Structures are given as structure tokens and as C-alpha cells.
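Undergrad: Have a look at the structure that comes next, please.
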Amino acid sequence: MIESLLVANRGEIARRIIRTARRLGVRAIAVHSEADADLPFVAEADEAVCVGPANPAQSYRNTEAILAAARSTGAQAIHPGYGFLSENADFARTVEASGLIWVGPGADAISAMGDKINARNLMAAAGVPVAAGTTEPAADVAAAVAAAAQIGYPVMVKAAAGGGGMGMGVAVDEAALRTEYDKVRAFAERMFGDGSVLLERYFPRVRHVEVQILGLADGRVLALGERECSVQRRNQKLVEESPSPAVSPELRSRLLAAAVRAGEAVDYRNAGTVECLLDPTTGEFFFLEMNTRLQVEHPVTELVHGIDLVEEQLRVAAGLPPTFDPDALTVRGHAIELRVNAEDPKRFLPGPGTIKTWVEPTGEGVRVDSGYAEGNTVTPFYDSLMAKLIVHGQDRTEAIARARAAVAAFDLSGPKHNLPFFAELLENQEFLSGDYDTSIVSHLR
């Protein structure tokens, strides 16, 4: 097993990785910005290094500062968490060239999946279903108009280098396409340094379902079940559950097999996620993207499978076999994750501030992965995620009941937060029925 691990991230995911590292006897090293010096993950690490000011470009995305911290602390490996440098192939290559262990997939797999057009083409060649769309960037608006005529309206206009729900727009006709193309291209150039744009068929009613994959050290790729991620605002997830209430055993078999083919197509190692769009009317699913990292929502998979995905990541990186029997995977009950964000529960606008009260819920089947504590300040420099409230039950009904009780018991004041939204959602008949899609949040507004 790896002996010392530098966690190149912050907040709840850094704290969560540190927790597993310390349980395994691995020396955990945190890096932090000046703004995060007082957060729990810094105090809980065995060692901590400040890598720069609040601006992520000068701290959490500062590759030179992070590598310098690894050298000065004698770190053997780097875990990037999610976001920041986690899907930066150049950083992964630099880490390995420096003689360190990269806890993630190979740089070639990251590169292959980082460009959405290349990823679509690779998946299609591997026999993974993809929605109708462009096989090369739309060079200009005229090319986009021609492509849309072939695909058929409405179309999704997407930044080829985008992710996390950013750089996307829907066009219902040519006039809207001309506007969205220019908007997405400008956003992509500004945010990702790559203005390449692709077009895909847009599904007015669709579910967002993803599969957790794990590429083992021996070369096998496993599919660890699916997660339902259709409760979203601005194309970004708020709630995830596993198993998906929309997936039948027959559909699950097809979905998991496709995810394994996707991983095998890029010789995938370590944890990753194959995201798909599911047409609830026809049962068809289509490849959306592959996230070459640990996902925010990984705890629901951990709870239904009884495994620690971070531990499995470390074992793969160290060349060790998994802790479980890959040929005897079981699913136990149902899990739901709620992302507790510092944001207005109605308009979902950020609402940072100092935490005056922070009392986490407890009880059977309740888990909280938090990045903050009472007295900490949620700053405007980073994502608004404060904690993940995860519940597990024998079935979906019990999991929902435990989620309701946990939301009611979570005592939080200071920053704005979205716990009232979750209280409303957990009483909503559309959600309770399990027959919902990505438009459900708009129905609650």
C-alpha cells in the first residue's frame, strides 16, 4: 500500500480522502489556500502545506506549488479528488514523470475522454450507443446550421472541452442555433481555452443515469451499478440515488455492459464514471461523457455495494487487487445523496457567509461528508458545496424516510443553504413515484 498521500484538493472531498488514508495507516498530506487555512481537512491531515492565495489558479490549480509541496513532504502519491486538476492529463503526466504515483486513470485515457467529440467517436467505435451528433467540431455557424439540419431540431450545443454542465445551450430552430453557437463558443474559449463546439440531438424529456466503473490493476474493468442523477439545476446535479428507479434488470444489464466496453476502449484504470442519457419513453440510452475521476456522488455507490471507493483507488494505484470479489458483486438496499450547497433554495444563487450553527444529523443509515464546521466561513472563491448528506435504507421508501428526518435534523445557519429545497423535494409526488426526469426542479419552482 502507498505510504504517504498528498491530497490535491480541498473541502469535503479532501477530508473524505484523508479519512480513508488515515484508516489505512497512510500518511495524509493536505495542501490548502490561504482562504482555507482554518477548514477541517487542514487540521485533520498529518501534515499541511499552504500553496497560495485564494484564487484557485494560484493555489489548487498551481501545479508547480503542488509538486513542490509533494517534494518537501516526501509524498509518494497524489490524489486529485474531483475538479481542479483531476482531469488534467498534463498534470497526471507530470506527476508520474516526477516519480510520484498518480491516483487516477492514465493520462492517455484522460486526454481521450477530455474532448467530447473524440470521446463520442471512440465510444461509437466501441459499440457504445451515442446520440445523433457531429463527429468533428462545427467550424463556424454555417457548419452548425448544416449539421443541425441533418440531426433535426431541437439540438444541444456543447463546448467540446466542457464539463460539469458548463458550456451548453439548447436551440429549437436556426435563429436560436445562431445565438447559442456564438454564446457557447465564446464561453468555451474563455473558460476552457478551446472554442470547439459540437452538436447533439436534444431530448426534451430525458433522465441522466451514470455507471460507476473501476479499472483494476490486472486490466479488468468492472461496472459497480448505476446512479440516477436527474435532479439538476442549470445542468448540475443536486440529488443522486442508486439504484435508479428507472432502470429495469434488462436495461441494467445493457447499461453496465456498455459502460464496461467504454472503459475497455481506453484501457481504463482506477475509478471513473460513464454518464448516459436515458429516454424514459423508449428505454434507449446514449453515451454522454466519461468522467475520468472520482465523482461527487460516489458515496451512494459505496453504501449499496459496501465498499470504500477511495481505498479501491489507492489499491489500484499501488498495483494491488480489490478488497472485494469482482465476480460476486452485490447490491444492498437503496442510497440517496443530497448536495448541501451555500445557495438560495429557490433561485440557487450562491450565498456564502460565516457558519453560525452547524449540527449534522446522525442515526441509522445516515452519513454526512462535510467540508465545514461551525465558525468556518464559506467564501465566494470556490464551489458552493458545503456537505453531502447521504442516507441508506433497505429500500427506496426507507431511504426517503431517513432523508426527510436527516434534512429536518440538519441545523445549519449563517450562509444561505438549500435544505428547504430538499424538504420540499422529498414530499413531491413526482420524485416519490420515481418517475421523474431532468425537468423536475423546474416543476418545483
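Undergrad: Test of understanding: extend the Cα→C-beta vector of residue 377 to 7 Å, then name every residue of the stretch 407-430 with backbone N under 14 Å from that spot.
TA: 415
Undergrad: A further question on this structure: Give me the compactness ratio for the stretch 207-444, meaning the Cα radius of gyration over 2.2 N^0.38 Å. Don't skip to the answer; put the middle values down first.
TA: On the way: Rg = 17.8 Å, N = 238, 2.2 N^0.38 = 17.6 Å.
That works out to 1.01 for the stretch 207-444.
Undergrad: On to the next question. What is the Cα radius of gyration of the stretch 255-344 over 2.2 N^0.38 Å, N being its residue count?
TA: Here the answer is 1.23, to two decimals.
Undergrad: Taking the alpha-carbon distance from residue 356 and a cut-off under 20 Å, which lysines remain once sequence neighbours fewer than 8 residues away in the same chain are dropped?
TA: Candidates past the 8-residue exclusion: 388, 416.
Undergrad: Hey, could you get me the Stokes-Einstein D for the stretch 396-445, Kirkwood radius over alpha-carbon pairs, 37 °C and 0.692 mPa s, rounded to whole µm² s⁻¹?
TA: Working: Rh = 11.9 Å.
After rounding, the answer is 276 µm²/s.
Undergrad: Another question, if that's okay. Per 10 Å bin, what percent of the C-alpha pairs of the stretch 50-130 does each bin hold, from zero upward?
TA: 17, 42, 26, 12, 3
Undergrad: Hey, another quick one. Return the equivalent ellipsoid semi-axes of the stretch 151-236 as a descending list in whole Å, where each equals the square root of 5 times an eigenvalue of the C-alpha gyration tensor.
TA: Whole-Å semi-axes of the equivalent ellipsoid: 29, 17, 11.
Undergrad: While we're here: Rg and Dmax in Å for the chain, alpha carbons only: what are they?
TA: When restricted to Cα atoms, the chain yields Rg and Dmax of 21.0, 59 Å.
Undergrad: Please find, in a Gaussian network model of the chain (springs between Cα atoms separated by less than 10 Å), the residue of 109, 37, 75 whose mean-square fluctuation is greatest.
TA: Largest GNM mean-square fluctuation: 37.
Undergrad: Calculate the tail of P(r) for the stretch 4-103: the fraction of all Cα-Cα distances greater than 25 Å, expressed in %.
TA: 7 percent
Undergrad: So, one more: Taking 51 Å as R0, compute the FRET efficiency from the Cβ-Cβ separation of residue 142 and residue 63 and round it to 0.05.
TA: 0.85
Undergrad: Grab the beta carbon distance between residue 331 and residue 445, set R0 = 30 Å, and tell me the FRET efficiency rounded to 0.05.
TA: On the way: r = 34 Å, r/R0 = 1.12.
In this case the efficiency is close to 0.35.
Undergrad: Hey, which lysines would be in cross-link range of residue 183, C-alpha to C-alpha under 21 Å, not counting anything within fewer than 8 residues on its own chain?
TA: 116, 158
Undergrad: Continuing with this model, one more query. For the stretch 331-380, what log10 I(q)/I(0) values come out of the Debye formula at q = 0.16 1/Å, with one point per alpha carbon and no solvent?
TA: The Cα Debye sum returns log10 ratios of -0.61.
Undergrad: Apply the Karplus parameterisation 6.51 cos²θ - 1.76 cosθ + 1.60, with θ equal to phi minus 60°, to every residue of the stretch 6-22 and state each ³J(HN,Hα) to the nearest whole Hz, in sequence, with x for glycine and proline.
TA: So the Karplus estimates, Gly and Pro as x, are 8, 9, 8, 6, 9, x, 5, 6, 4, 5, 5, 5, 4, 4, 5, 4, 5 Hz.
Undergrad: When you count, for each residue, the other Cβ atoms within 10 Å and take the mean per peptide, how do 101-107, 250-256 rank with the highest first?
TA: Packing proxy ranking, top to bottom: 101-107, 250-256.
Undergrad: OK, next. In what sequence, highest mean first, do 231-244, 431-444 appear when ranked by Cβ atoms within 10 angstrom?
TA: Taking the mean over residues of other Cβ atoms within 10 Å, the ranking is 231-244, 431-444.
Undergrad: Just the number, please: Stokes-Einstein D of the stretch 262-302 in µm²/s, Kirkwood Rh from C-alpha pairs, 10 °C, 1.306 mPa s.
TA: This corresponds to a translational diffusion coefficient of 136 µm²/s.
Undergrad: Let me ask something else. Take peptides 182-192, 111-121, 410-420 and line them up by average Cβ neighbours within 10 Å, highest first, as a rough protection proxy.
TA: 111-121, 410-420, 182-192
Undergrad: Let me ask you something else. Could you tell me the center-to-center distance, by alpha carbons, between the stretch 193-213 and the stretch 1-61 in angstrom?
TA: Value for the Cα centre distance between the two parts: 32 Å.
Undergrad: Averaged across orientations, what area in nm² does the convex hull of the alpha carbons in the stretch 96-170 project?
TA: Averaged projected hull area, Cα only: 6.8 nm².
Undergrad: Here is a follow-up. More than 13 angstrom separation, counting every C-alpha pair in the stretch 353-424; what % is that?
TA: Across the stretch 353-424, Cα pairs with separations above 13 Å total 65 percent.
Undergrad: HN-Hα J couplings of the stretch 124-134 from phi, Karplus 6.51/-1.76/1.60, θ = phi - 60°, integer Hz, Gly and Pro as x?
TA: Using θ = phi - 60°, the values come out as 4, 5, 8, x, 8, x, 10, 6, 4, x, 7 Hz.
Undergrad: Across the Cα atoms of the stretch 132-201, what radius of gyration and what greatest pairwise Cα-Cα distance (Dmax) are found, in Å?
TA: 10.5, 29
Undergrad: Here's a follow-up. What residues qualify as long-range amide H neighbours of residue 270, i.e. H under 5 Å apart, gap of 5 or more or another chain, H built at 1.01 Å from N?
TA: Amide H neighbours of residue 270: 215, 216.
Undergrad: Roughly how many Å is it from the Cα centre of the stretch 234-259 to that of the stretch 355-380, as a whole number?
TA: Cα centroid to Cα centroid, the span is 28 Å.
Undergrad: Here is a follow-up. Take the Cα coordinates of the stretch 202-268, assign each an equal point scatterer, and use the Debye formula without solvent to give log10 I(q)/I(0) at q = 0.16, 0.17, 0.18, 0.20 Å⁻¹.
TA: For the requested q values the scattering log ratios are -0.61, -0.67, -0.74, -0.86.
Undergrad: Here's a follow-up. Please report the orientation-averaged projected area of the stretch 295-407, defined via the convex hull of its C-alpha atoms, in nm².
TA: Quarter of the Cα hull surface area: 9.0 nm².
Each reported figure results from applying straightforward, stated rules to the coordinates on display, with no laboratory input. Please read these numbers as outputs of a predicted model, since none were measured by experiment. Note that each Cβ is placed from the backbone with ideal geometry, even for glycine, and that neighbours are counted across all protein chains shown.
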